[in-house]
Every structure is written in structure tokens, then in C-alpha cells.
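The values are calculated or read from the model by the stated rules, or taken from the named source; none is laboratory data. Remember, predicted model here, so these are calculated numbers, not experimental data. All Cβ positions, even for glycine, are placed from backbone atoms using ideal geometry, and neighbour counts span all protein chains on display.
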Amino acid sequence: MNKPADARVSVEKIPLWIDGKHLTPNVARWGEVTNPATGAIIRRVPFCAAGEIDAAVRAAQNALPGWAATSPLRRSRVMQKFMELMQRNQQALARLVTEENGKTLTDAVGSVQRGLEVAEFACGIPQLLKGEYSENVGPAVDSFSIRQPVGVCAGITPFNFPVMVPMWMAPMAIACGNTFILKPSEKDPSPSVMIAELLKEAGLPDGVFNVVQGDKESVDAILSHPGISAVSFVGSTPIAKYIYEQSARHGKRVQALGGAKNHAVVLPDAELDFTADAIIGAAYGAAGERCMAISAVVAVGGIGDAIVGKIKERAQKIMVGPGDKEGIDMGPLVTAAHRDKVASYIDAGVKEGARLVVDGRNVNIPGYERGFYLGTTLFDRVKPEMSIYRDEIFGPVLSVLRADTVDEAIKVVNANPYGNGTAVFTNSGGAARRFYEEVNVGMVGVNVPIPVPMAFFSFGGWKSSLFGDLHVHGAEGVRFYTRTKQVTARWPRQDTPAPGFNIPTLG
Ligand code: NAD
């Protein structure tokens, strides 16, 4: 995949962003960025090594004291300006997302919107950083807590949301007074540089936000760098676990969000057409490359055949093609290798004995024969031991399992190692309540197929979908990017006794 540096001089090189400036590094390894719709190589991305990471850390360290001392109100004003600039550039950012990731333009616009909403939330940082104060915890002694920045923070992000996921992290970290280094996915790295340019235009001082590019080597240099205090990661489960372990080993605060296998549980009293419409968007939107995509339906009681019929009818009508064309519902997968991996799961599902209801292999998009396309695939009668159920496929492949009772359906969801999102479809308030009380999953929808929390709540899964304690953005984002300091203060007067020899019992 990686060619020597001089192999494609005509293709644009994606820069790093260090200390407020573009930088084209002199690195030994470069990656290729493709347009998944056409299969063409459109850009080259530098793969940073320890030296480039160190340069970014030094820039972030130099900027830290000044930025941490900047009043939260001023930091908030930079965020407000940045949010306005993102709104103004929403289409341009979305076009970059579609070009390198493949998702449809409308979907990309939506993802940029969800990202800029985190910046909007971060504008409230003066309020969010308020601590607590208790007067007279002892005679003439007051105690108060303050939240201070953690230091230099790093974000390592996946290919599927090249704007939204970095925006889950950076605005929160920066608004809290930290400086930040982003290492985006090497598959669609360009939007990260545009985010950096907009932050600078918004008035962010140089060095507060930096972008490095690369693969495992750059990630390892981040994880072992003593100048980085906190790491936020979003990506697949094996890498999330690795990031969690390595960050802990090097004494860093860490939150590592992993992969998913999200279930929609359809109860016998669900509205059929409404449910089928919801599942179609959640399973096949963004070609299934969403961490909150529904990849398994558990049909309860007698509703199985009817819901499979409705999903089949709709799945066959989905228009597949280049994401920047009008009328396209589903774009290509991100790379040829990923498309082939997903297709191999369809082969495996057939071999393992699942019933193939809609087959997405062999789609042909005239004029785009070299693009990385797959059609929609639907399997029925899937069993938990089959690989199409066990593994996160991350493509437009939906599996339907059958369960006799709600109890059995909840057991299926809870037996799965992932716990990112899930949804129940029903008209029964009692059944829904039982479902959201009993499932071991971080984000639950009731007749809402993709229950992604808004920016003012926090986003995160349970079990193998998150390693660490705190979710991203919202109140938990503020907690992750700040350290609490508790101050106990006394101002001596002539009549206050001096501190004694033993541990004080202030009250
Ligand atoms: P990935 O794990 O392959 O890559 C994520 C990041 O880790 C990238 O920046 C990549 O360069 C880096 N990386 C890859 N291999 C590495 C290695 N061996 N060592 C160190 N770093 C490495 O994930 P992806 O394919 O880019 O994204 C898809 C995955 O992300 C899916 O599993 C999806 O469920 C998950 N995801 C989860 C969430 C969530 O909120 N839980 C959100 C979006 C995506």
C-alpha cells in the first residue's frame, strides 16, 4: 500500500499542522488516500515517526501555559467564532468527507453538524468549569474545588467520522484550557487540516491545536511520549484495548472507545412500517460504517417473517453509487480491502447456513467500476455462533435473529461482548422500560434506531465498546479534560487558633 516518497509526485501531499502552520515533513513512509467512489488515488499522507510527534508535543507544551491562563470566557469566544466558521464551511468540510470517506454528501453534512454542536456546547465552558464552594467547613475555614486543565492531550480517531469524532474531543479539550494533538485516520486525513485552519482563523493561538498524520508508528510515539498527559481514542475494539493498556502503562489518563454490534429488538406490537424504515436507515446508512449502525435485528415472537419481508422490500430499493451524486442513498465502502473483507463475511454467512435474503455482492455502478461498492445484504435465521453475528463487520450487512420472548431477546443483547448502542421497537411503555433498565449497553433507543446523545449529554458504550471510565463530550468530557483541585483556606486573625499537631478535625 505504501509507496516510496517519490513514487507519485503529481498527487497532492497532505501536510501536518504544527504550531499554527502547515508542515510537509520529510518522512520515510507515505500512505495513499483514495476516493472510494472512483477508486482513484487522490492524495498522499505522511506517516509520522517519533520526531514529528515530538515537534507537535513541543509546540503544544509551549502554548499550554498561556492558553491555560486565558480566561474561560475568552476561550469560549474563540469557540463561538470557530462554530460560526464551521457553519459557514459546512458544505466544504462535508465535500472533503465524501471525497475521502465515500458517504453521501447529505450524510456528511449531518455529521459535520453533529461535530459543530460539540463546539457549540463548549461555548458554555465558563459555566461548565464552575467548581463548588463550602463556607465554614471548620471555624473560619472555607473549602472550594476548581477544575484545571490536564495538559497536552492527544486524540486518535477512526475513518468513519473524520470531522465528527475529532470534534467530540478537540473543542472540549481546548475549551477546558488544554492544548491538543490530533492524529486522524490515515484513510481520510484531509478534513483534520481544514479544522486546524478554521481554528486558527477563529483566533486560536498557535500550538494549541496540532495535527499529525500516520499509522501505528505515530500512535505508538504518542502513547509513549512523556509530554502527553491524556489520550482520547475512537476506533476498533482490539486497538482501543491496546491504547488503553499502553496509555495506562505510560501514566496517561485515557478514554478508548471501541467497536460495536448494535441490536434492534423488535417486539410483536411494534409498528411494522415505521420500524422497517428506521432499521433500513440505521443498518445501511453510511454503508453500515457507523459505530451506532444496527447490524443485528432480534425479532421477538411472531413478528419475524413480517419484519424480514418489510426490510427486504426496502433494502432492494436502496440506490448505491457515488456519494456526491443526487438521489444516492448509500455510497461505497472506505477502501477496496474493507469492501473485500465485508464481502468475505457474506460468503461466510452463506457457508454457515444463514438464509441470504438480499445479496449485496456483484453490484455494478456504470462509470464507477473501480469504486469500492457493495449493495445491501440481509440475512435471516442467523445464529449467535455464526461469524456474521459474532464479529463487527462494519458494512451494509444486516443479520436477523429470532427470539421467542423479550427475556430471550435481552439475554441475546447482554451476551454480546459489545455494548455501544441498542434500540427497542414497541408500543408498550412497560416493555420498553424493562428493556432499557435491563440491557447492559451504554446508549439505548426506544423507537429511535440510532440513539446518539446530543452534545450536551455524553457519548459512550459499555463492555468492549469502551475502555476507561468517562464518555466523550457533555459533562463527562469536561471531567475527562480537567483535574479537580480542592482548596481548603483559612485567613488567620488574632483570635483564630493556630493549626495543631494532630490531623485536623475541622468541624
Ligand atoms: P481502527 O481501530 O483501525 O483505527 C482507529 C485509529 O487507530 C486510526 O487513527 C488508526 O490509524 C489507528 N490504528 C490502527 N491500527 C493501529 C495499531 N495497530 N496500533 C495503533 N494505532 C492503530 O478503526 P477504523 O477502521 O478507522 O474505524 C472503524 C472502527 O471504529 C469500528 O470498529 C467502529 O465501531 C469504531 N468506532 C467506534 C466509535 C465509538 O464511538 N465507539 C465511533 C466511531 C467508530
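Within the option set Val112, Val97, Val165, being within 30 Å of His250 (Cα to Cα), at pLDDT 95 or above and within 16 Å of the ligand (Cβ to nearest atom) holds for one residue only, Val165. Only a single item in (1) of a type in the set (Val, Ile, Thr); (2) more than 16 Å from the ligand (Cβ to nearest atom); (3) closer than 25 Å to Pro158 by Cβ is not met by Ile388, and it is number (2).
Pick out the one residue from Ser247, Ser295, Ser232, Ser224 that is buried (at least 23 other Cβ atoms within 10 Å of the Cβ), without any contact (Cβ under 8 Å) to a residue 40 or more places away in the chain and in contact with a helix residue (DSSP H, G or I) (Cβ under 9 Å, 6 or more places away or on another chain). After applying the criteria, what remains is Ser247.
Considering only region 144-153, I want to know if a residue exists there that is within 16 Å of the ligand (Cβ to nearest atom) and either surrounded by fewer than 17 Cβ atoms within 10 Å (Cβ to Cβ) or in contact (Cβ under 8 Å) with a residue 60 or more places away in the chain (or both). Within region 144-153, one or more residues are within 16 Å of the ligand (Cβ to nearest atom) and either surrounded by fewer than 17 Cβ atoms within 10 Å (Cβ to Cβ) or in contact (Cβ under 8 Å) with a residue 60 or more places away in the chain (or both). Can you confirm whether Arg370 is touching a residue at least 60 places away in the same chain (Cβ under 8 Å), part of a strand (DSSP E or B) and more than 16 Å from Asn262 (Cβ to Cβ)? Taking the combined requirement at face value, the residue does not satisfy it. For Val397, the test of being surrounded by 15 or more Cβ atoms within 10 Å (Cβ to Cβ), of a type in the set (A, V, I, L, M) and away from the ligand (no atom under 16 Å from the Cβ) is failed.
Answer yes or no as to whether Ala306 is touching a strand residue (DSSP E or B) at 6+ places or on another chain (Cβ under 9 Å) and free of Cβ contacts under 8 Å to residues at least 60 places away in the same chain. Considered against the rule, which asks whether it is touching a strand residue (DSSP E or B) at 6+ places or on another chain (Cβ under 9 Å) and free of Cβ contacts under 8 Å to residues at least 60 places away in the same chain, Ala306 comes out as yes.
Tyr242 fulfils the conditions (1) buried (at least 24 other Cβ atoms within 10 Å of the Cβ); (2) among the hydroxyl-bearing types (Ser, Thr, Tyr); (3) without any contact (Cβ under 8 Å) to a residue 24 or more places away in the chain except for a single criterion, (1).
With respect to (1) under 20 Å from Gly419 (Cβ atoms); (2) surrounded by fewer than 23 Cβ atoms within 10 Å (Cβ to Cβ); (3) not small (Gly, Ala, Ser), the lone exception for Asn362 is condition (1). Looking at this structure, is Val112 in contact with a helix residue (DSSP H, G or I) (Cβ under 7 Å, 6 or more places away or on another chain) and among the β-branched types (Val, Ile, Thr)? Spelling it out, Val112 is indeed in contact with a helix residue (DSSP H, G or I) (Cβ under 7 Å, 6 or more places away or on another chain) and among the β-branched types (Val, Ile, Thr).
Which one is surrounded by the fewest Cβ atoms within 10 Å (Cβ to Cβ) among residues in region 324-341 that are more than 18 Å from Ala293 (Cα to Cα) and not charged (D, E, K, R)? My answer is Gly327.
Screening Val137 against (1) touching a residue at least 60 places away in the same chain (Cβ under 8 Å); (2) in a strand (DSSP E or B); (3) within 19 Å of Ile243 (Cα to Cα) leaves a single unmet condition, (3). When Pro504 is tested against the conditions (1) buried (at least 20 other Cβ atoms within 10 Å of the Cβ); (2) in contact with a Gly (Cβ under 9 Å, 6 or more places away or on another chain); (3) over 21 Å from Ile156 (Cβ atoms); (4) not β-branched (Val, Ile, Thr), the lone failure is (1). Of the conditions (1) within 30 Å of Arg479 (Cβ to Cβ); (2) free of Cβ contacts under 8 Å to residues at least 60 places away in the same chain; (3) not assigned by TED's automatic domain parsing to the domain that holds Pro162, Arg290 clears all except one; give me its number. Against the list (1) within 30 Å of Arg479 (Cβ to Cβ); (2) free of Cβ contacts under 8 Å to residues at least 60 places away in the same chain; (3) not assigned by TED's automatic domain parsing to the domain that holds Pro162, Arg290 comes up short only on (2). Checked against the criterion of being modelled with pLDDT under 95, in contact with a strand residue (DSSP E or B) (Cβ under 6 Å, 6 or more places away or on another chain) and not polar (S, T, N, Q), the candidates Ala63, Ala5, Ala59, Ala55 yield just one match: Ala5. For the residues Gly367, Gly360, Gly349, Gly353, the requirement of being over 30 Å from Lys411 (Cβ atoms) and at pLDDT 95 or above singles out Gly367. The helices (runs of 4 or more DSSP H) found wholly in region 174-269 and carrying at least 2 residues that are more than 11 Å from the ligand (Cβ to nearest atom) and not basic (Lys, Arg) occupy 190-201, 237-249. Could you pull out the residue among Gly421, Gly460, Gly474 that is in contact with a Pro (Cβ under 9 Å, 6 or more places away or on another chain), in the same structural domain as Trp168 (by TED's automatic domain parsing) and either within 16 Å of the ligand (Cβ to nearest atom) or under 30 Å from Ser247 (Cβ atoms) (or both)? Just a single option satisfies the conditions, and that option is Gly474.
Taken over region 374-392, the criterion of being within 16 Å of Ile294 (Cβ to Cβ) and touching a Gly at 6+ places or on another chain (Cβ under 7 Å) is satisfied by Thr376, Thr377, Phe379, Ile388, Glu392. Answer yes or no as to whether Pro492 is assigned to a loop (DSSP other than H, G, I, E, B) and more than 16 Å from the ligand (Cβ to nearest atom). So Pro492 passes the test.
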